[in-house]
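> First the structure, then my questions, so here it is.
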Amino acid sequence: MCRSIVIVIIAFFLTAPASAQQWDWKLTPYLWAAGLDGSATIGPLTGNVSVAFSDVVDVLRGGGLVRIETQKDRHGFYGDLVFLRLKEEDARDTIGGTLELKLDAIIVEGAYFYRFGDRYALEVGARYWDFETTLRPALLPEVLRASDFVDGFVGFRSEFDVSDNWDLLFRANVGGGGSDYAAGLQLDFRREFSSGNTLDLGYRALDVDYEDGTGLLTTGLDLSMQGLTIGYTFDL
């Protein structure tokens, strides 16, 4: 079911440009000052992740974040891409030596939303997670495990004016399916310019709790990402 939702969303974004004049399109590249907290598990090994944003610039090896959204009347779609490569600078002491953690993650989110009036909307969508975890114990060979899964989610969004040039977007959703539990939160203050473009200042959080397999085949990710965001939206 969740994979079917992803296919429908992708198909829409591939076919919609043919009637682009009927839809209001917006593209937002953005930065996310996300701190990370949680753990990654491969078999009997668990590596803890606790990184404040002040340290993220030291551990990130690459990243990309972009959002696209389109609306027409009461209907709308959006897609969001997050790509992160995280590697700890310093190994941590564990029983028998030290442990290093590397995490590569791709998070693709897409949803349909229906507006109830000017302010409120209901969202239904899916979030695809693809992550590769590498743990390097001091006295054992490097252990690498890759997993991907899809979560369905339902959510609520609200948009309203704060002043003549500023408005507020609030989004919250909760779901699961591939994971045991996942949730998202977004809050953006947007300053609109005469061109229709906006400067977006806000906050975003993503939580996921995932586990698959048993014993030596266990793969798990219990991760919370949250922090301030800044982006610029182009009115296409």
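> For a quick check of your reading of the filter: which chymotrypsin sites (Phe, Trp or Tyr not before Pro) in the stretch 179-235 sit in a DSSP loop and have no more than 14 other Cβ atoms within 10 Å?
F193
> Also, I was wondering about something else. Mind checking the per residue accessible area of the stretch 103-236 for me, 1.4 Å probe, whole number of Å²?
Result: 48 Å² of accessible area for each residue.
> I need the calculated FRET efficiency for the pair W25 and D180, taking r as the beta carbon distance and R₀ as 35 Å, to the nearest 0.05.
Given R0 = 35 Å and the Cβ-Cβ separation, E is 0.50.
> Starting from the Cα of F193, move 7 Å in the Cα-to-Cβ direction to define the label point; list residues of the stretch 217-236 whose amide nitrogen is under 15 Å from there.
231-236
> Here is a follow-up. Calculate what fraction, in whole %, of the accessible area of the stretch 142-194 sits on carbon and sulfur atoms when a 1.4 Å probe is rolled over the protein chains.
55
> Heavy atoms of the protein only, probe of 1.4 Å, neighbouring chains included. What is the accessible area of T133 in Å², nearest 10?
Here the accessible area works out near 0 Å².
The values are calculated or read from the model by the stated rules, or taken from the named source; none is laboratory data. As the structure is a computational prediction, the values presented were derived from the model and not from experiment. Reconstructed Cβ throughout: ideal geometry from the backbone, glycine too, with neighbour counts over all protein chains shown. Heavy atoms of the whole protein, side chains included, go into the accessibility calculation; ligands, DNA and RNA do not. Shrake-Rupley method; radii C 1.70, N 1.55, O 1.52, S 1.80 Å.
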